[in-house]
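Since every read-out is calculated from the coordinates, none of them should be taken as a lab result. None of the values given here were measured: they were computed from a predicted structure. We place every Cβ from the backbone using ideal geometry, glycine too, and count neighbours over all the protein chains shown.
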Amino acid sequence: MFAQKSLAQLNSERPLADAYFDLDSSSIRDDGKASLTANATWLKRWANTRINVEGHCDERGTSEYNLGLGERRAAAVKAYLVELGVPVDRVVIVSKGKETPFCTESAEACWQQNRRGHFVITAK
């Protein structure tokens, strides 16, 4: 089944869970560690897959600051995956800063959804 799916199909199914961050932080939370452990298992099972990890932020702060924070978040996710045995050359990081929010309301519940490391499968 996996081999028959397109990248678009795989990404729409979201087999890799996002890792969420606290405000102004790039530290992996405990719930993020659980998600990333499951993601690492999936990535090791499908050993030819390659991914982008996008670092996202909420709308607060300047664009420049959030691009840096997004980069630190994506790098933290990548480092954790590598610690779990995912080869470093299969993971590319990209900072999206606050430019592509998942949720657009100006409220904490929405902001929390935007502070994340998001996965995009780029090759299989």
When the Karplus curve 6.51 cos²θ - 1.76 cosθ + 1.60 is applied with θ = phi - 60°, which whole-Hz ³J(HN,Hα) does each residue of region 90-107 get, with x for Gly and Pro?
9, 10, 10, 9, 9, 9, 9, x, 9, 6, 10, x, 6, 10, 10, 7, 8, 8
Region 91-113 scanned against label point 7 Å out from Glu59 along Cα→C-beta; backbone N under 17 Å for 97-113
Compute the long axis of helix 30-45 from its Cα atoms, compare it with the longest principal axis of the Cα atoms of the chain, and write down the angle in degrees, 0 to 90, nearest 10.
30
Mind checking region 1-100 for trypsin sites (Lys or Arg not before Pro) that DSSP puts in a loop (not H, G, I, E or B) and that have at most 16 other Cβ atoms within 10 Å?
Lys5, Arg29, Arg60
Calculated from DSSP helices alone, with each H run of at least 4 adding -39500 (n - 2.57) and the total divided by the residues of the chain, [θ]222 nm to the nearest 500 comes to -13000 deg cm²/dmol
Determine which aspartates and glutamates satisfy two conditions relative to Lys5: a Cα distance under 17 Å, and not lying fewer than 8 residues away in the same chain.
Glu13
Debye intensity ratio I(q)/I(0), log10, the chain, q values 0.17, 0.21 Å⁻¹ (C-alpha model)
-0.81, -1.15
Determine, for region 13-123, the count of lysine pairs separated by eight or more sequence positions (or lying on different chains) whose alpha-carbon distance falls under 18 Å.
4
Short version: ³J(HN,Hα) in whole Hz for each residue of region 50-65, in order, from phi by Karplus 6.51 cos²θ - 1.76 cosθ + 1.60 (θ = phi - 60°), x for Gly and Pro, what are they?
10, 9, 9, 9, 9, x, 10, 9, 7, 6, 6, x, 6, 4, 4, 4
Rounded to one decimal in nm, the spacing of the 7 Å Cα→Cβ label points at Thr104 and Asp31 is 2.5
Treating only the Cβ atoms of Lys and Arg (+1) and Asp and Glu (-1) as charged, compute the dipole magnitude of the chain about its Cα centre; round to the nearest 20 debye.
640
Selected from Thr49, Thr100, Ser27, residue furthest toward positive end of dipole (region 13-123; charges at beta carbon):
Thr49
Could you tally the net charge around Lys98, taking each other residue with its Cβ under 11 Å from the Cβ of Lys98, Lys/Arg +1 and Asp/Glu -1?
-1
Extending each Cα 7 Å along its Cβ direction at Ala3 and Val88, get the distance between those two points in nm, one decimal.
3.2
